[in-house]
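Below you'll find the structure, written out as structure tokens, and then a few comments.
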Amino acid sequence: MTDAAVKELNHVAIGVSDLDASLRFYTEGLGMRKTLVKPVSDLTWALMRLPENTTGISVFVQGPSRVGQLELVKWDLPRPEGDRPKRPGAMGVGQLSFPVDPEHIDTIYRRLVDMGVTVYTEPTTTIVKNYGPVTLFLCEDPDGNQVELIALPPPEVVRKFRAALKRESESPSAADD
């Protein structure tokens, strides 16, 4: 690998229609913390090819680690007709996925349901091929963006799962099938 490479994800920016509702979802619902509130830079319109002098406000939220943030942006622009979030299968960001501790996934699920959030299913455990068991559920933020909350297995569980798959594939009975 070369030294001239990107580092981890800094942030993802999403436009929001109601900054207070989005902040409530991401902070109270998901337990993220607000890290920065700032007006959109004077140069943003030129850098992003927006109409001249476009303004807005940005609020950054982050989980307990210092890696990656979500920037919620309330623009002063009119919403385009038919504007709605992307869905998996469409070009662009179709889903935001946040890891959660396995022991907290049910609590977060119940908290979101109590807040009236659109939740697709209860937390469900499934086996991800070549990875292992994960527990997850999906919901929508106030603007309809699809959000996945996923409890991932610890690295040692993934290693054991993959080792068992390897042993299974190398066994004589597996070769006879």
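Assorted remarks:
- Scalar couplings 3J(HN,Hα) for the stretch 33-40, obtained by applying the Karplus form with A = 6.51, B = -1.76, C = 1.60 to θ = phi - 60°, are 10, 6, 10, 7, 10, 8, x, 4 Hz; x denotes Gly and Pro.
- Which listed pairs, of LYS7/LYS38; LYS7/LYS129; LYS7/LYS86; LYS34/LYS160, have C-alpha distances above 31 Å, in listed order: LYS34/LYS160
- Full extension of the chain between ASP101 and HIS11 gives 30.3 nm of extra length, using 0.36 nm per residue less the Cα-Cα distance.
- Note: relative contact order over the stretch 96-146, using C-alpha pairs below 8 Å and six or more positions apart, is 33 percent.
- Net lengthening on full extension, GLU28/ARG159 (0.36 nm per residue, minus Cα-Cα): 43.7 nm
- Helix 155-170 axis versus longest C-alpha principal axis of the chain: approximately 40°, rounded to the nearest ten.
- Surface/4 estimate of mean projected area, convex hull on alpha-carbon atoms of the stretch 111-177, nm²: 6.1 nm²
- Here the contact order of the chain, divided by its residue count and restricted to Cα pairs under 8 Å and six or more residues apart, works out to 18 percent.
- Taking chymotrypsin sites (Phe, Trp or Tyr not before Pro) as exposed when DSSP calls them loop and at most 15 other C-beta atoms lie within 10 angstrom, the chain has its longest site-free stretch at 1-119.
- Computed over the stretch 12-63, the P(r) curve from all C-alpha pair distances, binned at 5 Å from the origin, holds 5, 19, 26, 23, 13, 10, 5, 0 percent per bin.
- Fraction of accessible area attributable to carbon and sulfur, the chain (%, probe 1.4 Å): 54 percent
- Rh by Kirkwood over Cα pairs, then Stokes-Einstein D for the stretch 41-168 at 1.002 mPa s and 20 °C, µm²/s: 121 µm²/s
The values are calculated or read from the model by the stated rules, or taken from the named source; none is laboratory data. Because the structure is a prediction, the values reported are computed rather than measured. Here the Cβ is made from the backbone with ideal geometry for all residues, glycine too, and neighbour counts use every protein chain on show. To get the accessible areas, we keep the full protein, side chains included, count just its heavy atoms, and leave off ligands, DNA and RNA. Shrake-Rupley method; radii C 1.70, N 1.55, O 1.52, S 1.80 Å.
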